[in-house]
1. The conditions are (1) in contact with a helix residue (DSSP H, G or I) (Cβ under 6 Å, 6 or more places away or on another chain); (2) modelled with pLDDT of 65 or more; (3) surrounded by fewer than 20 Cβ atoms within 10 Å (Cβ to Cβ); (4) assigned to a loop (DSSP other than H, G, I, E, B), and residue 95 fails exactly one of them. Which is it?
2. Considering only region 24-39, state which residues are under 17 Å from residue 227 (Cα atoms) and under 19 Å from the mean Cα position of the chain (by Cα).
3. For residues in region 198-212 being assigned to a loop (DSSP other than H, G, I, E, B), surrounded by fewer than 18 Cβ atoms within 10 Å (Cβ to Cβ) and at pLDDT 90 or above, which is farthest from the chain's Cα centre (by Cα)?
4. Just to verify a result, which residue in region 133-155, among those that are touching a helix residue (DSSP H, G or I) at 6+ places or on another chain (Cβ under 6 Å) and at pLDDT 90 or above, is nearest to residue 239 (Cα to Cα)?
5. So is residue 234 within 26 Å of residue 146 (Cβ to Cβ) and without any contact (Cβ under 8 Å) to a residue 12 or more places away in the chain or not?
6. Which of the residues that make up region 221-234 are surrounded by 21 or more Cβ atoms within 10 Å (Cβ to Cβ) and either under 16 Å from residue 110 (Cβ atoms) or over 14 Å from the mean Cα position of the chain (by Cα) (or both)?
7. For region 215-236, which residues satisfy the criterion of being within 21 Å of residue 93 (Cα to Cα) and assigned to a loop (DSSP other than H, G, I, E, B)?
8. Could you tell me whether any residue of region 102-125 is assigned to a loop (DSSP other than H, G, I, E, B), buried (at least 16 other Cβ atoms within 10 Å of the Cβ) and at pLDDT 90 or above?
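The values are calculated or read from the model by the stated rules, or taken from the named source; none is laboratory data. Keep in mind the model is a prediction, meaning the values are calculated, not measured. Counting neighbours? That spans all protein chains shown, and the Cβs are built from the backbone with ideal geometry, glycine included.
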């Protein structure tokens with residue numbers, strides 16, 4: 001795994017991996033990257049009791065529709081590809097309700113019209129909470145490295161697999177689940193669908209995030225990147241891969257931003 005990605009996933013050593021700090025991260029336009037995925041600025045700051053996540057792109061965000069991923073190198077035919085705008089952050093996943101020390105926490109904004117993974121919320125206000133995937137929505141993700149998703153790639157952490165020889169007959173008690181947020185959407189991975197409403201306007205994405213204790217953000221490091229999420233068929237492990245970044249705010253995912 002590239003050293004920069006290793007730094008993203010080493011929560012305890014994120015500061016050691018970062019040579020210099022900045023309040024926000026600004027980048028240069030990259031004509032080799034699609035404008036909708038080319039990051040110009042990324043920031044997380046505390047404002048009026050909220051954590052404000054923001055990302056400015058060279059073009060309007062989009063391209064998030066799920067579609068077959070057969071053309072992707074190493075992709076399984078049944079996978080969907082979902083474009084995601086992601087902020088990795090150096091706070092422990094327990095700050096938002098996951099198991100302590102379970103991986104690297106990240107916030108993602110996505111849209112995918114052919115399925116809905118926010119079952120508790122009705123984003124398009126049509127009185128049906130099961131048809132909102134095409135609306136921009138937010139997930140917390142717990143990331144771990146997995147070269148099975150591609151060289152230098154990540155995955156959203158799956159629940160621990162059953163031990164060898166474990167009974168699987170009907171009526172077998174379920175294995176204990178890890179700690180999960182109350183708004184966990186029921187998928188067997190460490191993902192949350194907290195119902196935050198992202199604001200997508202022009203070339204900018206903003207998300208206001210409540211924290212019960214804003215002190216957990218003090219001195220935390222962050223970065224931003226765009227990537228494809230690859231969702232496999234139910235029962236597959238890994239279920240949700242994060243492909244290597246298409247673009248990153250810092251250029252090397254070294255988490256140079258500091259929340260202020």
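1. (4)
2. 36, 37, 38, 39 - these are the residues of region 24-39 that are under 17 Å from residue 227 (Cα atoms) and under 19 Å from the mean Cα position of the chain (by Cα).
3. If we filter region 198-212 for residues that are assigned to a loop (DSSP other than H, G, I, E, B), which is where we start, we get 198, 202-203, 210-212.
If we keep only those that are surrounded by fewer than 18 Cβ atoms within 10 Å (Cβ to Cβ) as well, we get 202-203, 210-212.
Checking the rest, the ones that are also at pLDDT 90 or above come to 202-203, 210-211.
On the way: 202: 22, 203: 20, 210: 17, 211: 17 Å.
Looking at residues that are assigned to a loop (DSSP other than H, G, I, E, B), surrounded by fewer than 18 Cβ atoms within 10 Å (Cβ to Cβ) and at pLDDT 90 or above, I get 202.
4. Within region 133-155, the first condition is being touching a helix residue (DSSP H, G or I) at 6+ places or on another chain (Cβ under 6 Å), and the residues that meet it are 140, 142, 145, 152, 155.
If we keep only those that are at pLDDT 90 or above too, we end up with 140, 142, 145, 155.
On the way: 140: 16, 142: 13, 145: 14, 155: 8 Å.
It comes out as 155.
5. Details: within 26 Å of residue 146 (Cβ to Cβ): yes; without any contact (Cβ under 8 Å) to a residue 12 or more places away in the chain: yes.
Yes.
6. Applying the first criterion (surrounded by 21 or more Cβ atoms within 10 Å (Cβ to Cβ)) to region 221-234 yields 221-231.
Matches in region 221-234: 221, 224, 225, 226, 227, 228, 229, 230, 231.
7. Within region 215-236, the first condition is being within 21 Å of residue 93 (Cα to Cα), and the residues that meet it are 215-227, 229.
Residues satisfying the conditions are 218, 219, 220, 223, 224.
8. Yes, there is a match, as at least one residue in region 102-125 is assigned to a loop (DSSP other than H, G, I, E, B), buried (at least 16 other Cβ atoms within 10 Å of the Cβ) and at pLDDT 90 or above.
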